[in-house]
1. Here are the criteria: (1) among the small types (Gly, Ala, Ser); (2) surrounded by 13 or more Cβ atoms within 10 Å (Cβ to Cβ); (3) within 50 Å of the chain's Cα centre (by Cα); (4) not assigned by TED's automatic domain parsing to the domain that holds ARG291. Tell me which single one GLY54 does not satisfy.
2. Taking into account only those residues within the stretch 378-402 that are small (Gly, Ala, Ser) and more than 51 Å from the chain's Cα centre (by Cα), which is nearest to LEU46 (Cα to Cα)?
3. Please determine, by comparing only the residues of the stretch 277-308 that are of a type outside the set (A, V, I, L, M, F, W, C), outside any loop (DSSP other than H, G, I, E, B) and within 21 Å of the chain's Cα centre (by Cα), which one is surrounded by the most Cβ atoms within 10 Å (Cβ to Cβ).
4. Hey, any hits in the stretch 224-243 for a residue that's without any contact (Cβ under 8 Å) to a residue 40 or more places away in the chain and closer than 30 Å to GLU116 by Cβ?
5. Specify which of the listed residues (GLY405, GLY444) is under 23 Å from GLN44 (Cβ atoms) and in contact with a Phe, Trp or Tyr (Cβ under 7 Å, 6 or more places away or on another chain).
6. Take the stretch 261-285 and flag every residue that is touching a strand residue (DSSP E or B) at 6+ places or on another chain (Cβ under 6 Å) and polar (S, T, N, Q).
7. Quick one: in the stretch 150-184, which of the residues that are outside any loop (DSSP other than H, G, I, E, B) and among the hydroxyl-bearing types (Ser, Thr, Tyr) is nearest to ARG138 (Cα to Cα)?
8. Could you pull out the residue among VAL408, VAL353, VAL391 that is assigned to a strand (DSSP E or B) and in the same structural domain as ARG303 (by TED's automatic domain parsing)?
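The values are calculated or read from the model by the stated rules, or taken from the named source; none is laboratory data. As the structure is a prediction and not an experimental result, all values here were calculated from the model. So basically every Cβ, Gly included, is an ideal-geometry build from the backbone, and we count neighbours across all protein chains shown.
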Amino acid sequence: MSSWLKVLVILGAALVMGAGALIYALSVRTGGQVPVETGAVTRQSLVQSVTAAGEIKPKSYVNISSNAFGRILRLPVSEGDRVERGQFLLQIESVQTEANVESAQAALDGAAADLEGMEASIRSARASLASAQADETRIEAEFERASVEFGRAAALVEDGLISREDHERQRSAFRVAEAQVASASARILQAEAQLSQALNQRDGITLRMGQQRASLTRAADELAQTTITAPLSGVITYLPVNEGETAIVGLQSQPGTTLMTIADMSVITAELRIDETDIVSLQVGQRASIRVDALGERVLGGRVSEIGNSALTASGAPTTSTNTNTDQARDFKVVVTLDDPPPELRPGLSCQVTIETASRTGTLVIPIQALTVREIEKADVPAFVENPVIVEEKPGQPVMVEQEGVFVISDGVARFQPVVTGIIGTTDIEILNGLEEGDEIATGPYRTLRTLEDEVAVRIVESETNP
């Protein structure tokens, strides 16, 4: 045990002994009776709530940054102006981007002209191929006739019916026709090669035109980014730039790159940080009361619309699985949407929000300060107490449990009565079992209730807070 912890233990023991001595001294001076303040168990309505500080924020807003670098030429809006979706907001100089668009368009037009010329070449190549194929057909017919005549002449010369000179002329005519067939086939192959080359060139030009179109699209997009319009309807809540200043390319979470902020003020929320001990009692749809510091005592209504699932760090970012620091308290983000936000609300205003987590009508209640905790034997725990907390269990000794309860005053004697509690209000707590309406219980003083024992004679005194 560390030295400071030993000191705390010693101080705590001394404090308890001192309180016991004080009660003993008071009981001696009052004839053995301990002075206590009392109150009655009453039946009334009770509301349990969670209260937290927050900040007014629009539900929908956008931080506008620039995707282009350049000087701001026009800025016709001011902070606080209402704008509509698509409305012109800001113009950045665009000399270079306009030149890029013109260059890309000229390159695309040149490729289109080349494609048109190549289409003409393809038509010419197809015509040449068709002509060569027609010539081949004609020449093949002539070759067949020359072949027939040459064969007939060979038979006639053997029979001596024609002269050798006529036979040689037929042979020459056959060979000429044979050569013409080969030439026609060669011209067809040449025409086919020219057509194939023209088709390949057309495909290349088509691909180049696709690249030129992409370049034109990129250049046109860069030009469009020099003109900024409103992405949503709302109010300009932040405008840190002026005409003549230079806009730089925006980076996420980078200070100085936001040109303006537009917020949709039709739906206003209060963003809260709720402690982990209270978050389990919250549900979407619960009623909330919002007090905005700037509006004085005016109370606005709302409902819980969002409950975060991840704890937040000190900076407001969600925790991750790598964050192993479990010593610090955890907060969770909770969003309350206002029912009818007044027009004078502005983003960033601080507020205090009270969320109603539970309510009871006509239930038994006692003051919170009357509730205390004692160690009693498990055998003395009433049946209506479920799962009592065992604090000590030793062989041969009664099992002790830690039990909450109150001291009921009857016939001048304080008797410890275990109870089961429900929801907690601002100053009162609900009693589910253990007490009846009208029961008189000890409510103070706090120093006395801390050490008051069971079956002790008491004397009722006026509350210290009473005039």
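1. Unmet condition: (4).
2. Applying the first criterion (small (Gly, Ala, Ser)) to the stretch 378-402 yields 379, 383, 396.
Next cut, more than 51 Å from the chain's Cα centre (by Cα) only: 379, 396.
Values: ALA379: 33, GLY396: 45 Å.
Per the criteria, the residue is ALA379.
3. At the first step, the residues of the stretch 277-308 found to be of a type outside the set (A, V, I, L, M, F, W, C) are 277-278, 281, 283, 285-287, 289, 291, 293, 296-298, 301-303, 305-306, 308.
Adding the requirement that they be outside any loop (DSSP other than H, G, I, E, B) leaves 277-278, 287, 289, 291, 293, 301-303, 305-306, 308.
Next, only the ones that are within 21 Å of the chain's Cα centre (by Cα) stay: 303, 305-306, 308.
Details: ARG303: 14, SER305: 18, GLU306: 13, GLY308: 16.
Filtering first and then ranking leaves SER305.
4. Yes, there is a match, as at least one residue in the stretch 224-243 is without any contact (Cβ under 8 Å) to a residue 40 or more places away in the chain and closer than 30 Å to GLU116 by Cβ.
5. GLY405
6. Answer for the stretch 261-285, where residues must be touching a strand residue (DSSP E or B) at 6+ places or on another chain (Cβ under 6 Å) and polar (S, T, N, Q): THR261, THR269, SER281.
7. Only one residue fits best here, namely SER183.
8. On the way: VAL408 fails: in the same structural domain as ARG303 (by TED's automatic domain parsing); VAL391 fails: in the same structural domain as ARG303 (by TED's automatic domain parsing).
Sole residue among the options that is assigned to a strand (DSSP E or B) and in the same structural domain as ARG303 (by TED's automatic domain parsing): VAL353.
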